[in-house]
Amino acid sequence: MLISRLNFPLKPSKNLKFVCTLLFCIFCSFSLFAQKSEKDSLEQLLQTKLSDTVRINTLNRLAFLYRNSDVKKAFVFAKQARDLSEKIDYTNGLAESLGYLGLLHYREGRHDLAVEAHLKSLRLYEKLNNKRFIAFRYNDLANVYVEQEFYDKARAYFNLSLAIKEEIKDEDGIVTTLKNIANLYIHQRNYPKALEISLRTLPRAEKVGNEKTIADLLSFIAECFLHVDSLEKASLYYEKAYQLRLKNNDLYTIPRLLNGIGRIEYKKGNFAKAEEIYFQAIQIAQKNNIKVAIKRTYEYLADLYEKKQDFAKAFYYEKLANAYKDSLYNQKSNDRIAVLQSIFDDEKRQVEIEREKKIKESQIRFRDVIIITSAIVAILLAVLSVMLWKNNIDKTTKNQLLLKQKQEIELQNRNITASILYAKRIQEAILPLEQDLQKAFKNAFIWYQPKDIVSGDFYWFYEIQNSQSEYNGEKIIAVADCTGHGVPGGFMSMIGNDLLDKIIIEKEIYNPAQILHELNHSLNEVLNKDITQNMDGMEIAICRINTHKRTITYAGSMINLYLFENQNLIEYQSDKFYLGGRNIEWDIDVTFHNQNIALQSLESIFYLITDGLQDQLGGEKYRKFSNKRLKKLLTNIHTLSFAEQKEHLIRTFQDWKGKYNQTDDILVVGIQV
């Protein structure tokens, strides 16, 4: 192998150096043998009968293993993986193979094809919501833009990649992106900044243990020292990088490294040695079709022969360098990259437009509810004002106008009742339909019975439609009991409904405990509790349900969750804090907790119930129905159909209440996942 002809200056202890080098070569041989053994095993595996997905995964693994040592062979495996993935519609396999094709096109200098493959891969990973590989694609696109000298675009993509990697705590990925940012500054000839980032990142890379990244950083540090003519330091770092390149058989990056080493010899005046090293770089780069390295080596050879006053050769190699430069940076390729990026950006903008449209629709809905609520309040205040005004006028003629006054009061009462009935229709229009839950889940029922015309109890349902969220497709159900009942409770229920719209739909907060935290703060702000010391608030339970994974994430404020698994009742206790008031201090920032529930049974049923049923007074001794009787009742009926369960609950309530009045609003929601 020609690379072995390259020798660095030996340190004083030559025997020790020889022994260390010998041991290192033996270790490298074992490492390369292990890698070759895996390649051979996988290629033999392809000759056997495999399922399509296993074959695709094997082809992608071979493309990964050959990406640094044999670009042409890596291309063959990546293309086969892509074609088979498209045939069977295997999204993961297709996204991965496109990523490798983008990398290999980039290494051959076909930058427009690289951008096209990376953007296709990025779209697929965005649909899969795979943040780790979305960050990889951003990083790969940035590397292409660095080579094309689109530095602003490259920096933007590096920042996107870095943000995601920091969010998911991918330390290896963070180090890789920082390394690539250092390379960006080298291309911009900002060597002090490149050196600062490389030296700062190197200890993190060594801690992670990624030898390729370590070798890249060592090479970048050497390049920075080379360009400021600190040749001894450059030589030291090149030697370290070179040994790691050999160990990992990294033929793709060795030509760039050899060019740097040749440049050191050139600057020292060792033209013959520099020429020999440049030709080693050319040989490896041509074998693997690494156009960027070939162009750079031809430029260095032209510079070398011009220095030696061999102008014929200098002109020849400058002409070759320009030919490769035209191939890498032709206008047609640049235009195609710009078009591909523009199409991708348009698609992203369309998604953002749709999201803004949904937010606007939610805002309009909230505004309409506020207008309607204000109208109802105005009607009630107007009626009350009329009553007081009439009462004052009629004081002096009380006896004569008694009959007329009575008639007017009856009319006014009918108006008030009509207004409250109108408020009831508004409240019912805001609440989800029982059919919505029955469509979303295997079985579901809602028993909703206000004490008066309007209710302080309400329920809320939303299916997450957010492709950027890991919770996309999951369902959120909330059951709440506001302070009071009748008109005051109705006002509070509409406020609570709209606040949930704002927190979950507009702000896209899907964590139940965080939703309770936000709702608690919002209630205090809406009701001006710091000023009014208002005690109104609500009790609420919130569940986020994944019907595919069969999991429930539950957080509650004073409302427990009742779950039946394998005929056994499990009661999940809520946090004992009341939203919006009744805590020790209004300014206490209470903490709510999620309870993650993995469902074991295919017949799992859970119930969310406000306290109206348990607190109903009745029976022979005029006592509360109680939580104990409620759990016994649920145990007896949970195996019945949901229609029978609802009927049984209503009948039991009526029997217990008997001749007495209903004590409070009642709300029971039952769901089978």
* Note down the relative contact order for segment 433-672 as a percent, whole number, built from C-alpha pairs under 8 angstrom at least six residues apart. => 23
* Asked: Between Asn322 and Leu421, 0.36 nm times their residue separation minus their Cα-Cα distance comes to what?
  -> 27.3 nm
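By the scheme Lys and Arg +1, Asp and Glu -1, what is the net charge of all other residues having a beta-carbon under 14 Å from that of Ile168?
-2
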* Ordering of 634-646, 505-517 by packing [mean C-beta count within 10 Å, highest first] -> 505-517, 634-646
* Could you sort 308-319, 465-476 so that the peptide with the highest average Cβ count within 10 Å comes first and the rest follow in order? => 465-476, 308-319
* Structure fact -> Note on segment 162-270: contact order normalised by length, alpha-carbon pairs under 8 Å, 6 or more apart, percent, works out to 19
* Structure fact -> For the His593, Trp389 Cβ pair and Förster radius 60 Å, calculated FRET efficiency rounded to 0.05 is 0.65
* Check the straight Cα-Cα distances from Lys120 and name the aspartates and glutamates below 16 Å, setting aside those fewer than 8 residues away within the same chain. => Asp83, Glu86, Asp89, Glu96, Asp112, Asp140, Asp345, Asp346, Glu347
* Asked: Which FRET efficiency value, to the nearest 0.05, do you get for Val377 and Ile168 by plugging their Cβ-Cβ distance into 1/(1 + (r/R0)^6) with R0 = 51 Å?
  -> 0.60
* Asked: How large is the dipole of segment 171-212 about the Cα centre if only Lys and Arg carry +1 and Asp and Glu carry -1, each at its Cβ, rounded to the nearest 20 debye?
  -> 180
* Please tell me which of these pairs span more than 22 angstrom C-alpha to C-alpha: Lys451/Lys659; Lys127/Lys212; Lys451/Lys624; Lys39/Lys72; Lys193/Lys233? => Lys127/Lys212
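Between Lys308 and Glu86, what's the calculated FRET efficiency when r is the beta-carbon distance and R0 is 51 Å? Round to 0.05.
The value I calculate is 0.45.
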* To do: Add +1 for every Lys or Arg and -1 for every Asp or Glu among the other residues with Cβ under 11 Å from the Cβ of Asn546, and state the total.
  => +2
* Asked: When only Cα pairs under 8 Å and 6 or more residues apart are kept, what is the percent relative contact order across segment 53-148?
  -> 21
* Can you spot the lysines whose alpha carbon is less than 22 Å from Lys628's alpha carbon? Ignore those fewer than 8 places along the same chain. => Lys576, Lys646, Lys657
* Structure fact -> Gyration tensor on Cα atoms of segment 53-148, a ≥ b ≥ c root eigenvalues, a/c under 1.5 rounded, else prolate if a/b beats b/c, else oblate, says oblate
* Report the extension gain between Val76 and Lys549 in nm, rounded to one decimal, defined as 0.36 nm multiplied by the number of residues separating them, less their alpha carbon distance. => 166.5 nm
* Along segment 187-199, what does the Karplus equation 6.51 cos²θ - 1.76 cosθ + 1.60 (θ = phi - 60°) give for ³J(HN,Hα), rounded to whole Hz, x for Gly and Pro? -> 4, 7, 6, 9, 5, x, 5, 4, 5, 4, 5, 5, 5
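Using packing as a proxy for protection, rank 195-203, 207-215, 267-275 so that the peptide with the highest average count of other Cβ atoms within 10 Å comes first.
195-203, 207-215, 267-275
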* To do: Please work out the Cα center distance from segment 605-626 to segment 427-471, rounded to the nearest Å.
  => 22
* Structure fact -> Classified through the alpha carbon gyration tensor (a ≥ b ≥ c as square roots of its eigenvalues; rounded if a/c is under 1.5, else prolate when a/b is larger than b/c, else oblate), segment 231-311 comes out oblate
* Asked: Sorting Tyr237, Tyr266 on the 10 Å Cβ count, fewest up front, what's the list?
  -> Tyr266, Tyr237
* **Reach of Lys631 by Cα under 15 Å, taken over aspartates and glutamates that are not fewer than 8 positions away in the same chain** => Glu565, Glu571, Asp611, Asp615
* Structure fact -> If Ile168, Ile503 are placed from fewest to most neighbouring beta carbons inside 10 Å, the sequence is Ile168, Ile503
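Computed from the coordinates by the stated procedures, all read-outs in this text should not be read as laboratory data. Treat the numbers as computed from the prediction; the structure is a model and nothing was measured. Cβ coordinates were reconstructed from backbone atoms using ideal geometry, including for glycine residues, and neighbour counts include every protein chain displayed.
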